[in-house]
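Working notes for the structure below.
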There are 2 protein chains.
Amino acid sequence: MATVADLIVVSNRGPLSFQLGDEGRAQLAGSGGGLATTLQPLVAGRDATWIASSMSEADHLAASDGLMNVDGMTVVTVRLDADTYRMAYDVVSNATLWYCHHHLFDLPRRPRFDVHFVDAWDAYVSMNESFADEIARLASQGATVLVQDYHFALLGKLLEASRPDLRTVHFTHTPFGDPSALRVLPANCASELLEGMAGFGACGFHAPRWKAAFDACYHEDDLTALAGSGVAPYSFVAPLGPDPVALENEAAESTGIDPALERVVGERMLILRVDRIELSKNIIRGLFAFEELLDEKPEWRDRVVMVALAYPSRESLADYLAYRSEVEHTVERINDRFGTDSWTPIVFNVADDRSRSVAAYMEYDVLLVNPVRDGLNLVAKEGPFLNRNDGSLVLSREAGAFDELKSGAFGINPFDVTETAAALHGALGLDRDERAERARTLKKLVVARTASDWMEDQLRIAGSLER
Amino acid sequence: MATVADLIVVSNRGPLSFQLGDEGRAQLAGSGGGLATTLQPLVAGRDATWIASSMSEADHLAASDGLMNVDGMTVVTVRLDADTYRMAYDVVSNATLWYCHHHLFDLPRRPRFDVHFVDAWDAYVSMNESFADEIARLASQGATVLVQDYHFALLGKLLEASRPDLRTVHFTHTPFGDPSALRVLPANCASELLEGMAGFGACGFHAPRWKAAFDACYHEDDLTALAGSGVAPYSFVAPLGPDPVALENEAAESTGIDPALERVVGERMLILRVDRIELSKNIIRGLFAFEELLDEKPEWRDRVVMVALAYPSRESLADYLAYRSEVEHTVERINDRFGTDSWTPIVFNVADDRSRSVAAYMEYDVLLVNPVRDGLNLVAKEGPFLNRNDGSLVLSREAGAFDELKSGAFGINPFDVTETAAALHGALGLDRDERAERARTLKKLVVARTASDWMEDQLRIAGSLER
């Protein structure tokens, strides 16, 4: 391929995913998942090249055949051998860096960095080097390179060395770990990560707290000494917003809430949550809060249903399977305890079905978004945008989006089941005027920044970099 | 009691503990445990009043009868009803604040603050109020009050209100949690804790990092806004040191290493660890590091024995029992894997026996102190002081003592088993001159500050407070 691109977007997943079909040919399997789906319309029409991982042999074939090219983008995939990719993606990115930035480690026991991790880190370095080579090959002189997420922390330094002419901007869609969290990583990994990030022209975050944590890492003596330079890169806050046009289209096409679900909820009030089944999402404490609500405020029994729409996630990690089974067990226990012939207190529904979520967003009375730590949380923005019922938002103060939405939401400490139960009680009991007023406030806050604003920020900042 | 004291020391445990004996009389059961044992000689001879909890009915009887008075001190105990004490001590102090300051929570699952915790917090408030009342009753005008540890965070504000004439100094023997860790607590608890601490004349810590974390809590918008005042109290760093005279006496009285242990170790080198069985002590990763050493450097097989002298701790908490069984299981597995008829790789010995520890301190080749987070760690100071074998110290960078000892110790990241194994290898393989040189450096660093220096700092700072 001889494309020479002025704009390159880098993410682990590409816009489409493929599987092997008849005669060993690649067949379209679906979209690339959350972030890629969000990026696609933002990158479309910009004559960009999108570089992603080959998640499978089918992805590789599809990309080589140009089948991944959508909306006028050229999609190029980087293919690593399966072991290298597994170690870089599963072991380092998902089971270590994700945990680190979200403060998910059970520190008395995990992580336990041993000789196997040394190999895994080498694989992560190798994955970053392969991407750096591909970018260097494809980028025009002075091109803009927008790098997404913690999978590619080392690209900054690598590209600074090989292609100092490029305008590189890294954006972290997760939180960024506090200095104490970074200090958990093996010393060489923490320092390589911070050095790698320091090579970008700019590093962006969804919320002031994540930017502050990032900056602080460069001001801690021990981490800084390891990082060598001690000079923090330019960093900025640019939260993502919803895509109003796409959401309006989805709403217009909605055929309404699933009839089976409609029967279960009936005339009752609806508390909704929509998440990946993910340790950071705090599904279990959400269930306990609902249980405490039914215990402490029995007047809500039989008058409210909690619907949890959940998407399976990372089921190759044992920790995630265990978490899913804890969630299911808790749902069963609470339903056994309070359920009646005509009332199922909690509906836990596992299927990756966007239209089902959109219909539920339109109808909820209360949306519960209670992550223990979350880069932004787009559910907290899409829900209030789509809702047609003056629904309320109960939102964790540990979600990046809280900084923007706090004046319209019920803020909660996600570790505090009692405060969460009280917020649900407060939200369910609002009178009509208050509900409408809060819903208006939320909608105004949500549309204040759209997805395009986020993309324009990236490009503006890239353009302003001195090279 | 009509004592009016110019110096009051406050700690949860008193210098002695009692049990009920014949005819319901209190009989001496033993010392008050780590901190109380350290404090006792420092307080002796100062005509002080020591206020502690009645841990049992026997303690209460003993204190009332004056049986707790030792070394010229008057010991007064505060008696709470059993439920209040259990909730304040087990639930709040040990299972919440200890975990918070040591970053021990498995955040996706624990803590889960619910209605029971609301009651437990009330008990903690009540315990602090009872102590405040007792102090106010016993303290002379302008008296100095030295308050020990996280059990009494609220005393500052309470005493400021009732007895503004007092010179109050709080000392935290644990680490202090980062702002992110404090934010895990229910909002009212975090703010009451910070407000409570802000009422002390001064707050002391063992290491600069804990002081920095404490100060930072008062500069975070959300925590500060909750704390009300937003004004950080005066804080200082004053690490505790060993008591050289007491240690020399213990060494002089030592009858040498236990013969049974001597037979197991024989001519082999000795890696020693001495800890409470406590989640923060990181015993399991220490065992894994020893296993990695035997795997990666097989030349050490049959040439070294790891001796872990462990003291049972907090066995009323299920988490601690589970941890102990994980430790025991890991010891068995490694011994099964590598042990021979003539070599037991790991000796795990559970008994609270100080003279056994002293003898082992005198003999070790390598002392392993690898906590995940630790206020100071006095083992890391007492070991090098007592050792007669030019032994080395492998020390966690997350222990408060690392700040003082780093130029003499092998520093490790406690989460990094590979780095720990490499440090053990390096320490075992030092040549005689290097060993001696490092051991001299360590001894010099250790005696640079003694326990008396620490006590003098408390009194000097108390004396300098404007009242």
For the range A:102-134 and the range B:317-349, what is the separation of their Cα centres, given in Å? 28 Å
Once you sort the root eigenvalues of the Cα gyration tensor of the range A:108-151 as a ≥ b ≥ c, which label holds: rounded (a/c under 1.5), prolate (a/b larger than b/c) or oblate (the other case)? oblate
Using DSSP, restrict attention to beta bridges with both residues in the protein assembly as shown and report what percent are antiparallel, rounded to the nearest 5. 10 percent
Could you tell me how far the Cα centroid of the range A:44-82 sits from the Cα centroid of the range B:386-406, in Å? 53 Å
Chain B: longest segment with zero exposed GluC sites (Glu not before Pro), where exposed means DSSP loop plus at most 14 other C-beta atoms within 10 Å, is residues B:1-266
Using 7 Å Cα-to-Cβ label points, what is the B:GLU328/A:ASP133 separation (nm, one decimal)? 5.3 nm
Most exposed to least, judged by fewest other Cβ atoms within 10 Å, A:LYS443, A:LYS157 sort to A:LYS443, A:LYS157
Per its Cα gyration tensor (rounded if a/c is under 1.5, else prolate when a/b beats b/c, else oblate), the range A:84-240 is best filed as oblate
Quick note, the range A:244-448: a/c under 1.5 would make it rounded; otherwise a/b > b/c is prolate and the rest oblate (a ≥ b ≥ c, C-alpha gyration tensor); here it is rounded
With each label point set 7 Å from Cα along the Cα-Cβ vector, what nm distance links A:ASP352 and B:THR255? 7.0 nm
Based on other C-beta atoms within 10 Å, arrange A:VAL10, B:VAL264 from fewest to most. B:VAL264, A:VAL10
Here the relative contact order (percent) of chain B, from C-alpha pairs under 8 Å and at least 6 apart, is 13 percent
Amide H neighbours of A:SER235 under 5 Å, counting only residues 5+ apart in sequence or on other chains, H built in-plane at 1.01 Å? A:CYS203
Determine the alpha carbon to alpha carbon distance for each of B:LYS211/B:LYS444; A:LYS381/A:LYS444; B:LYS281/B:LYS443 and list only those over 18 Å. B:LYS211/B:LYS444; B:LYS281/B:LYS443
I need B:LEU158, A:LEU465, B:LEU393, B:LEU376 ordered by Cβ neighbour count within 10 Å, fewest first. A:LEU465, B:LEU158, B:LEU376, B:LEU393
Distribution of pairwise C-alpha distances over the protein assembly as shown, 20 Å bins, in %: 13, 41, 35, 11, 1
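Coordinate-derived values only; no laboratory data. All of these numbers come straight from a predicted model, not from anything done at the bench. Please note: Cβ atoms are built from the backbone with ideal geometry, for glycine as well, and neighbour counts cover all protein chains shown.
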